[in-house]
Structure formats: C-alpha cells, structure tokens
Amino acid sequence: MRSELLTFDTSNRDFVDITGEVAEFVRDQGDGLVQVFAPHATAGIALMETGSGSEEDLRNTIDRLLPRDDRYVHKHGSPGHGADHVLPAFISPSVTIPLVGGRVELGTWQSVVFVDPNRDNPTRKVRLSFLNG
C-alpha cells in the first residue's frame, strides 16, 4: 500500500476541493482503490458538486442540523464547537474511490471535498492511501 499525507490550512474556508491532489496521487497507478481519510474528530470527506452553489447549500444544511450554540454537552473550544464533533456522524471522515487505469472514477459532477466548519484548529491533514487492484 502506498500512502501520503496532505496538510493545508482552513482558516478562511469550510470546504477544500482536493480532487486534483487525489488524482495526482494515483496518476498512472493502474487499477485499484484510493482511500481519502480525514484523521480529525471534527471534519469529513464528501463527494459533491462544487462551484454551483452546493457548498453554500451544504453550509446552510450543516447550520440547520448542527447549530453553533450552547446546547452541546461537549463544551470546550469556541461557542458551538460541540457541533463540530457531531459532524463526522453525518459527513464520513473517509471515502473510498475506485481507480481504473490510474484515474479516479468519479461521476461527471463529483469532486472530493474536505469539509471542516471547525474554526478552532485551521491546520488540517488528509491521508491518501492507494491499494493496488
């Protein structure tokens, strides 16, 4: 298995499109699987359309489902941080994507997106792992 760790900053954004990084990681690797994993208790990985308003729709949905207020038992961090810790129950911390001929087999409008509304820790990581088929 081949693996690589991506590191990036989410200070001013909730969504980071990492499709290009995933595609580059598996380029020319043949057939297999790539797993994309967020090793964080407050972030997830989504396969979604980007650039069409879907990010804003997802942000609004997260805000409705997981309001940032004092209702959470988990209370450390910024106000509403407990919501961040519930997020991975709705947006999985990992996805596995098939590869054919060294190319990720995403749908026409699918992108691989790191989702992170947590403002308490802007330095984030994603583990990419390739399993040869």
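The values are calculated or read from the model by the stated rules, or taken from the named source; none is laboratory data. Every value quoted in this text rests on a predicted model; they were computed, and no experiment measured them. Cβ placement follows ideal geometry from the backbone for every residue including glycine, while neighbour counts extend to all protein chains displayed.
Of the strands (runs of 3 or more DSSP E) that lie entirely inside the range 18-106, those containing 3 or more residues that are over 24 Å from residue 123 (Cα atoms) span 94-100. Among all positions in the range 79-90, there is no residue which is exposed (fewer than 11 other Cβ atoms within 10 Å of the Cβ), farther than 27 Å from residue 3 by Cβ and either of a type outside the set (Val, Ile, Thr) or out of contact with any Gly (no Cβ under 9 Å at 6 or more places or on another chain) (or both).
The residue that is farthest from residue 10 (Cα to Cα), among those in the range 66-114 that are hydroxyl-bearing (Ser, Thr, Tyr) and free of Cβ contacts under 8 Å to residues at least 40 places away in the same chain, is 108.
Residues in the range 98-133 that are surrounded by 18 or more Cβ atoms within 10 Å (Cβ to Cβ) and either out of contact with any Ser or Thr (no Cβ under 9 Å at 6 or more places or on another chain) or of a type in the set (Asp, Glu) (or both): 3 in all. Among the residues making up the range 15-41, those that are aromatic (Phe, Trp, Tyr) and either in contact with a helix residue (DSSP H, G or I) (Cβ under 6 Å, 6 or more places away or on another chain) or crowded, with 19+ Cβ neighbours inside 10 Å (or both) are 15, 25.
Here residue 44 does not fit the description of being buried (at least 16 other Cβ atoms within 10 Å of the Cβ), modelled with pLDDT under 95, of a type outside the set (A, V, I, L, M) and under 22 Å from residue 12 (Cβ atoms).
The set of residues from the range 29-38 being over 10 Å from the mean Cα position of the chain (by Cα) and within 15 Å of residue 128 (Cβ to Cβ) comprises 29, 32, 33, 34, 35.
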